[in-house]
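Here's the structure, in structure tokens; my notes come after.
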Amino acid sequence: MLIWKYSAGSRAYSPIELADVNGDGVVDVIGGERDNKVVWAIDGKTGGEIWKATFAGDVRAPTCVVDLNGDKVLEGIVTPAGDTIYCVDMRNGNQLWSLKLDGGVSLDPMIVSDLEMDGKLEIIAASDKALQIVDSATRQTKWSIPQASAEPLACDVNGDGTREVLAVLGDGFLHCFSAQGAEMWKVADELLGFVDAGDIDNDGKAEVVFVAAASELRCIDGVTAEVQWSFTVYGACKPGQIVDVNGDGKLEVLVKDEGRDTPFFVYCLDGAGKLLWESNITTYASARGGFVFGDVDGDATIEVLLGTRSKNLVCLDGKTGKFEWAYYVDGEVYGEPAIGDVNGDGKTEVLSPSHTPTNAAYCLTLGGAYNPSMVPWPMRRTVIPESLLVIVALPLLLAIRPRIR
């Protein structure tokens, strides 16, 4: 059932984020537009606009929503196309500061993480000229790698109590750097896509999963970079995520494969690389956005949501991969949707951006009860809070925990 629809002025391209931006206790909806170069915040109850802010470049990356300075007021780091990022007050969209980066950015969002676990947040910026680590308080560069970079991730892969930075650099390799910028290892194989990191074999250490040029999904040890297993694929297989999608208490790996004859497949593998299920999506064309996980219908099981270029949201059963439903939003869905209770009615809502021709954001519900424990997996990867595998909600982020990308 449609609750409300927000009409954007141009293509609603960026993924949806959820946070209470105005402090009224109700979760609000944040999105962005490619052509009009704006970010907006929408009231979760009504779909009415709270504020709208215009930037120099088109907005395709998600806004990173976080309390940067510990004043219990949310800030947002906006990444429009170009070489400058902006920090805005999420209460009103007013610009607080801007920072010119070493290179241009477009699709990859800024990441915020306490890399050294010293209570100070860093901003991780991947641009076409550098991987740049910036002190969020002083906005000074702490260290940088002078290569084009993409798909950064921050996590403690070796259990040393600090977070490492992983990114695909201009040489096509996946590199792992310490919190201080020392290279720990690199995978000397051209990458088609970086998927995720997590302890998928329950050994207390993280594994890293990516798609190699040899058309295989590969899992390596996060400490030694030694190959643990591989799985044959047919396309770029990205984006993907490590998540307990079937409720068995173990982490699975989910990816999209666009290299087979039909529009795309979704694979679910266990921690040893064994295929648990695959879903052949024959009707809907794949989009670049990733997965969203949670109980959207109140049946106490996790569903898998993803957007398509065929103007539909698609929902799969997390245990079996079986197709459950599709919802037509009259526009291509390039950015990830979101799941949460945005109007305070105790029911789960699904929020989705919509591209041409609708240019809108949709708020839908299946009427299922909202249970935060059944929406345990973060939507985006723009803030790393307290641990690698249990993403803890920041005090003012009252809905879904954001996922670092």
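The values are calculated or read from the model by the stated rules, or taken from the named source; none is laboratory data. Note that the coordinates shown come from a computational prediction; the quantities given were computed from them, not determined experimentally. Note: ideal-geometry Cβ built from the backbone for every residue, glycine included; neighbour counts use all protein chains shown. The accessibility values were calculated without ligands, DNA or RNA, using every heavy atom of the protein model including side chains. Shrake-Rupley method; radii C 1.70, N 1.55, O 1.52, S 1.80 Å.
General observations
- For the stretch 100-149 versus the stretch 17-90, the gap between their alpha-carbon centres in whole angstrom: 19
- Note on residue 141 and residue 2: the extension gain reaches 45.5 nm, defined as 0.36 nm multiplied by sequence separation minus the Cα-Cα distance.
- Cut-off 17 Å (backbone N to label point 7 Å along Cα→Cβ of residue 225), residues of the stretch 180-212: 180-197, 206-212
- GNM top mover of 241, 140, 95 - the chain, alpha-carbon springs below 10 Å: 140
- For the stretch 1-61, with all protein chains in place and a probe radius of 1.4 Å, 41% of the accessible heavy-atom surface sits on carbon or sulfur.
- Calculated FRET value between residue 35 and residue 330, using beta carbons and R₀ = 25 Å, to 0.05: 0.90
- Relative intensity, log₁₀ I(q)/I(0), of the stretch 120-250 from a Debye sum that treats every alpha carbon as a point, q = 0.12 Å⁻¹: -0.46
- 13 Å beta-carbon shell around residue 276, net charge (K/R +1, D/E -1): -2
- Highest-MSF residue in the chain out of 243, 21, 266 [GNM, Cα springs under 10 Å]: 266
- Cα gyration tensor, the chain - rounded (a/c under 1.5), prolate or oblate: rounded
- Residue 344 long-range amide H proximity, modeled H, under 5 Å: 27
- Estimated at the nearest 10 Å², the accessible area of residue 255 is 0 Å² with a 1.4 Å probe.
- For the chain, the solvent-accessible area works out to 35 Å² per residue, with a probe of 1.4 Å and every protein chain left in place.
- Stokes-Einstein diffusion of the stretch 256-322 at 10 °C, 1.306 mPa s viscosity, Kirkwood radius from Cα pairs, rounded to a whole number: 127 µm²/s.
- Taken one residue at a time, the phi angles of the stretch 160-168 give Karplus couplings (6.51, -1.76, 1.60, θ = phi - 60°) of 8, x, 10, 9, 8, 10, 10, 7, 8 Hz. Gly and Pro are set to x.
- Of 216, 258, 324, the residue with the greatest mean-square motion in the GNM of the chain, using alpha carbon springs below 10 Å, is 324.
- Each eigenvalue of the Cα gyration tensor of the stretch 301-348, multiplied by 5 and square-rooted, gives one semi-axis; in descending order these are 19, 17, 8 Å.
- Net charge of Cβ neighbours under 14 Å - reference residue 59; Lys, Arg +1; Asp, Glu -1: 0
- Centroid-to-centroid separation of the stretch 212-250 and the stretch 299-335 [C-alpha atoms, Å]: 22
- Accessible carbon and sulfur surface of the stretch 186-333 relative to its total accessible area, %, 1.4 Å: 44
- Each of 6, 327, 234 has its accessible area taken with a 1.4 Å probe; listed largest first, they run 234, 327, 6.
- Cut-off 14 Å (backbone N to label point 7 Å along Cα→Cβ of residue 73), residues of the stretch 1-22: 21-22
- Local net charge near residue 138, Cβ-Cβ under 12 Å (Lys/Arg +1, Asp/Glu -1): +1
- Full extension of the chain between residue 234 and residue 215 yields a length gain of 6.3 nm, computed as 0.36 nm times the residue separation minus the alpha carbon distance.
- Along the stretch 290-306 the Karplus relation, 6.51 cos²θ - 1.76 cosθ + 1.60 evaluated at θ = phi - 60°, assigns HN-Hα couplings of x, 8, 10, 10, x, 7, 8, 10, x, 9, 6, 10, 7, 9, 10, 10, 8 Hz to successive residues, with x for each Gly and Pro.
- Between residue 285 and residue 322, the FRET efficiency estimated from the beta carbon spacing at R0 = 25 angstrom works out to 0.80.
- Residues residue 300 and residue 91, FRET efficiency given R0 of 51 Å [Cβ-Cβ distance, rounded to 0.05]: 0.90
- For the stretch 215-340, a Kirkwood hydrodynamic radius built from all Cα pairs, placed in the Stokes-Einstein relation at 4 °C and 1.567 mPa s, yields a translational diffusion coefficient of 87 µm²/s.
- Entries of 72/322; 186/311; 120/347; 45/274; 52/100 with Cα pairs more than 32 Å apart: 72/322; 186/311; 120/347; 45/274
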